[in-house]
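Taking it in order: structure first as structure tokens, then the write-up.
No value in this document is a laboratory result; all are computed from the given coordinates. Because the structure is predicted, anything quoted here is derived from the model rather than measured. When we count neighbours, we look across all protein chains shown, and the Cβ atoms used for this are built from the backbone with ideal geometry, even at glycine.
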Amino acid sequence: MFEDDVSHLTPTSDQISPIQTGCQGIKTWCSLILVGIWLAVGAGSHDIAWAGDHQQGVATHGAGPLPANTGIDVHGQMHIHPSDRCPLCAMRPARYPEFSCGIRLEDNRTYYFCSPRCLLSVWADPQRYLKMTAEDIARITVRHYFTGEQIDGNTALWISGSDVIGPMGPALIPLNTEAEGVAFKRRHGATRIFRLKALSRHELQTLLRPSR
Ligand SMILES: [Zn+2]
């Protein structure tokens with residue numbers, strides 16, 4: 001008697017009504033919304049952790065990202081601490097020794113970046129990313145791609161559009177001489193070879209767009 005009741009209440013697949021199908025659709029949407037909420041909460045907690053890390057022993061500077069523990073020295077050399085964060089993407093520059101680079105400001109604050117792509121984004125639009133002007137930038141230190149030597153990014157020869165991938169996608173490559181640029185291009189390709197002083201900030205912004 002009981003088994004008969006159960007079999008009566010349990011529909012077979014071809015007995016599922018349009019209303020029940022609709023309910024399944026609603027469940028699917030609810031699941032997607034819950035996943036969305038979970039992702040949003042996860043991203044938020046990451047931001048909180050970042051701010052917390054920065055506040056350990058480092059003075060805050062207004063509402064913007066915090067500067068490095070130890071800045072670029074008078075010889076233009078970087079001193080990246082494992083806890084320093086890229087002010088654009090929040091990754092740790094110490095984890096990218098081939099690509100890490102830095103900007104020292106006129107007031108002696110330094111920001112270290114995961115890669116030249118983040119650094120040049122600031123150089124191209126300092127107001128947007130760090131609430132400062134181009135005149136506030138005193139020094140750019142980048143790593144020579146072949147030797148790892150720390151060189152001046154303002155006078156470096158830059159390569160874009162090669163096959164080298166950095167922490168933030170297609171890499172921008174610092175070198176010194178035209179001959180190095182030719183050698184690099186032969187090995188890795190290039191769509192543009194330039195020096196910063198020959199490029200307007202607007203041109204650089206265009207060059208940094210993801211499609212380039
Ligand atoms: Zn970055």
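I need the GluC sites (Glu not before Pro) found in segment 110-212, filtered to DSSP loop residues with at most 16 other beta carbons within 10 Å of theirs. Could the numbers behind the result be given before it?
Numbers: sites: 135, 149, 178, 180, 203; in loops: 149.
Those satisfying the criteria are 149.
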*Lys and Arg at +1, Asp and Glu at -1: add these up for the other residues within a Cβ distance under 15 Å of residue 72 and post the number.*
-3
*Projected onto the charge dipole of segment 75-212 (+1 at Lys/Arg Cβ, -1 at Asp/Glu Cβ, origin at the Cα centre), which of 112, 154, 204 gives the Cα projection farthest towards the positive end?*
204
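Distances over 25 Å make up what percent of all Cα-Cα pairs in segment 54-208? Walk me through the numbers on the way to the answer.
Numbers: 2800 of 11935 pairs.
For segment 54-208, the share of Cα pairs beyond 25 Å comes to 23 percent.
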_Karplus-derived 3J(HN,Hα), 6.51/-1.76/1.60, for each residue of segment 66-77, Hz, glycine and proline x_ = 7, x, 5, 5, 10, x, 5, 7, 5, 8, x, 9
*Where the centroid of each part is defined by its Cα atoms, how far is segment 190-212 from segment 96-155 in Å?*
15
*Give a residue-ordered list of calculated ³J(HN,Hα) values for segment 96-111 (Karplus: 6.51 cos²θ - 1.76 cosθ + 1.60, θ = phi - 60°; whole Hz; x for Gly, Pro).*
10, x, 7, 10, 4, 7, x, 10, 9, 8, 4, 8, 6, 5, 10, 10
*Can you tell me the FRET efficiency between residue 128 and residue 74 if r is taken as the Cβ-Cβ distance and R0 is 41 Å, rounded to the nearest 0.05?*
0.90
*Quick one: go through segment 65-87 and flag any residue whose amide nitrogen is under 18 Å from the point 7 Å out along the Cα-to-Cβ line of residue 107.*
65-72, 87
*Would you mind checking which residues have amide H under 5 Å from residue 192's amide H? H placed 1.01 Å from N; only 5 or more apart, or other chain.*
160
